[in-house]
1. For the protein assembly as shown, what % of the accessible area comes from carbon and sulfur atoms, probe 1.4 Å?
2. I want to make sure I understand the PRE zone here: with the label point 7 angstrom from the Cα of B:L133 toward its beta carbon, which residues in the range B:191-223 have backbone N atoms less than 12 Å away?
3. Return the distance in nm (one decimal) between the two label points of a simple spin-label model at A:E218 and A:T64, each offset 7 Å from Cα along Cα→Cβ.
4. Taking the mean number of other Cβ atoms within 10 Å as a proxy for protection, how do you rank A:371-381, A:135-145 from highest to lowest?
5. Threshold 10 Å², probe 1.4 Å: give the residues of the range A:353-402, in number order, that are less accessible with all protein chains present than with their chain alone.
6. Scan the range A:79-127 for trypsin sites (Lys or Arg not before Pro) in coil per DSSP, keeping those whose Cβ has at most 10 other Cβ atoms within 10 Å, and list them by number.
7. Taking H as built 1.01 Å from N, whose amide H comes closer than 5 Å to the amide H of A:N324, not counting residues under 5 places away?
8. How many percent of the alpha carbon pairs in the range B:51-185 exceed a separation of 28 Å?
Amino acid sequence: MKTRARWPRLLACGAALALTVSLSACGSGSGGGGGGDDGKIHILVYGDASNKVEKQIVATFNKTSKVKAVLDTIPGADYQQKLQTIINTPQAPDVFFNWGGGSIKPFVKADLLMPLDDFIKDDPGLKDNFLPSVLSSAVLDGKSYGVPMRGTQPVLLFHNKKVLADAGVRPPKTWDELLAAVKTLKSKGVTPIALGGGDQWPTLMWFEYVYDRVAGPELFRKAVNGDKDAWASADSKKALGMIRDLVEAGAFGTNYDSVKYTNGASPALVARGKAAFELMGSWYYAQQQQDAKDFAEKGLGYTAFPTVPGGKGDPSDIVGNTNNFYSVLKKTKHPEAVEKFLKLMYSDEFVKAQLAIGNLPTTTNTPKFLDTSASPAYARFQYDLVKKAPSFQLSWDQAYPPSANAPIRQAVQQFFNGQLDTDGFIKAMQALPTE
Amino acid sequence: MTTQMTSPPAVAGPVRKARRAESSYVARVGRPGFAWALPATLFFAVFAIVPLIMVAVLSFMSWNGLGSPEFAGLDNWRRVLDDPVMIKSIWLTLLLTALGVAVQTPLSIVLGVWAAGPQRNRAVLSAIYFIPLLLSSTAVSVLWRALLDPNFGIPAQVTWLFGDGNLFGEQSTAIGVLAFVSTWQFTPFHTLIYQGAARAIPPVLYQAAEIDGAGRYRQFFHITLPQLRTSVITSMIIMIVGGLTTFETVLILTQGGPGTDTTISAYYMYQKAFKGFDFGAGAAIALVLVIAATVVSLIVVRVSGYDKMRSTMEGVS
């Protein structure tokens with residue numbers, strides 16, 4: 001009996017001892033850090049299905065390069081958080097994936113990134129081989145910080161062809177046509193526009209387009225650079241008035257805030273003919289192919305966003321995710337190897353591989369291979385759109401620094417549901433942090 | 001007086017041998033030595049106390065995750081306490097917690113007492129009823145978000161009750177959904193507590209009550225409920241602490257929306273620290289939450305007399 005009772009105590013003491021020892025071991029381990037120069041360049045990318053191409057490109061690079069490249073991935077949603085925690089440590093990569101704009105602004109401010117202007121001087125192809133409207137979203141303070149990789153994702157107005165035909169409505173070319181279409185569709189008992197308001201960012205897309213059409217890209221550019229008066233301008237108020245009209249006309253129905261895009265609910269509304277339009281990034285096509293293959297092939301139509309007569313913005317301006325970029329850390333030990341690696345981003349091999357997995361690269365040699373893409377007509381439509389666009393506005397929540405993300409999304413949702421009026425919305429936008 | 005119930009009778013033996021026997025009896029039945037608490041204490045210190053101190057320090061610093069934190073004085077605290085969203089989030093947190101306690105407590109007492117009984121099929125039904133407890137909060141939230149979709153979910157079929165189904169578009173219904181989902185998920189756990197406690201009530205009490213002519217309802221209110229007192233408090237403290245730190249359900253079901261109408265403190269902290277990279281403000285919010293949770297738990301313990309550890313077994317032998 002007695003010896004049995006002693007065992008647990010011994011065990012507990014042992015466990016406690018082991019715990020303290022292992023913990024102190026951890027503590028001393030993390031401080032030192034490996035990192036430094038291991039004679040390789042580390043490429044850090046967002047972990048998803050596109051990694052297939054990145055692996056291929058790294059393999060191609062390693063075939064000829066003396067300095068080898070290593071591909072590291074961070075899965076999905078945690079990317080930005082993890083990046084932020086390692087970028088200023090010895091574990092930081094040499095080259096990393098980002099969204100341009102606000103996603104790298106804090107790093108530029110902390111003087112961690114290398115301006116790529118010297119690379120471009122060395123090889124003008126790093127600039128000339130890409131579409132200009134895309135490149136500009138990785139330019140900060142007049143310096144280039146990113147080389148495009150993966151594909152472009154402009155926002156388009158999608159529609160269900162059959163629903164429009166049944167209602168006798170043609171895809172709208174102007175804002176007034178859109179309002180008229182809303183009215184007709186509503187009278188037929190169809191929700192005119194599907195909106196995943198529960199996710200908040202789909203709502204934001206409407207603001208991005210209407211503001212650009214009404215005021216041109218300049219208003220937002222000023223605002224994001226700290227000019228708070230831009231939000232209070234007459235153009236800003238006009239854009240808000242137009243959005244208010246659309247919402248009050250019942251364009252989005254009444255329960256859009258309970259609908260999500262991310263769980264497939266809003267695309268299903270369009271695919272099943274319960275709604276006519278949806279404003280969404282170009283990935284919508286792939287989403288519909290996955291959810292409703294038949295509809296995607298036969299019933300899904302797409303157009304550019306309607307024009308606003310009298311508006312200051314160019315009718316061919318677009319908004320969305322301009323592209324993903326590779327940026328380079330200032331402290332990389334192998335800038336020559338990095339430069340060589342970046343040159344692969346406009347190689348034929350890269351373009352073909354991206355098209356094969358459904359991404360649309362924005363290089364000047366892309367048109368040569370568009371026919372090899374899974375849906376050539378759709379790819380060509382987007383490519384021409386991006387090529388012709390004088391301005392390609394990066395999504396607002398990505399153009400602002402990360403700390404502005406939640407307040408922007410809250411404000412657009414509150415403007416749609418009436419909690420914020422025009423003045424309230426302007427105040428909310430003026431309160432956003434710009435650095 | 002009643003505290004003596006928990007410690008062994010103090011009868012000191014004059015003989016050494018008897019003392020030894022008695023001390024080993026104390027070791028087995030009475031309070032264990034400090035060494036027993038050592039692992040838990042160490043664990044708690046390393047994973048709770050030390051991080052807590054670090055969070056407290058961080059709340060006086062300005063840090064965006066890059067470079068080293070800089071001392072910012074009371075800046076974070078001023079910003080956080082001036083922030084209308086923060087003030088609103090505290091009220092929302094308390095409201096959701098109170099709703100959780102008010103709905104789940106009676107429900108789980110009734111279910112727990114029922115599940116403690118000897119009825120037929122009881123085991124099968126309770127087993128089914130415990131399933132939500134086995135699912136992760138994330139899975140539960142994703143499930144309910146899909147079930148409550150206004151166009152393809154339950155609301156589309158039951159329009160007389162849900163109208164246009166805009167459950168996540170209004171503050172009142174969004175809060176209702178959050179309270180409902182946590183009730184659905186956590187009631188089984190508290191039911192389990194009450195089931196165990198109800199089983200531990202000596203049958204003698206009921207037999208005596210029956211002889212005295214007490215019916216089922218009198219037995220429930222005069223024997224079962226008083227006997228469950230300490231369990232009620234245990235369960236309530238768990239609910240309160242759980243309610244104050246609710247996070248995943250909000251993250252997945254409402255994302256704090258519409259607007260900031262369901263942005264509870266824990267979610268707001270996540271938004272500030274891990275989405276906006278304002279770790280100083282996030283730390284300040286976290287500390288407010290810790291203080292609030294501690295104060296509420298202390299109040300519950302004080303008011304209920306739980307700290308005096310009175311036994312419910314008086315008069316039972």
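1. 61 percent
2. Backbone N within reach: B:191-197.
3. In this crude label model, A:E218 to A:T64 measures out at 4.5 nm.
4. A:135-145, A:371-381
5. For the range A:353-402, once contacts with the other chains are taken into account, A:P402 lose 10 Å² or more.
6. Details: sites: A:K82, A:K109, A:K121, A:K127; in loops: none.
Sparse-neighbourhood loop trypsin sites (Lys or Arg not before Pro): none present.
7. For A:N324, whose amide H was placed from the backbone, the distant partners under 5 Å are A:M149, A:G151.
8. Values: 4224 of 9045 pairs.
Here the long-distance tail beyond 28 Å is 47 percent of all Cα pairs in the range B:51-185.
The values are calculated or read from the model by the stated rules, or taken from the named source; none is laboratory data. On a predicted model such as this, the values are computed, not experimentally measured, just so you know. When we count neighbours, we look across all protein chains shown, and the Cβ atoms used for this are built from the backbone with ideal geometry, even at glycine. Note: accessible area is taken over every heavy atom of the protein model, side chains too, but ligands, DNA and RNA are not part of it. Shrake-Rupley method; radii C 1.70, N 1.55, O 1.52, S 1.80 Å.
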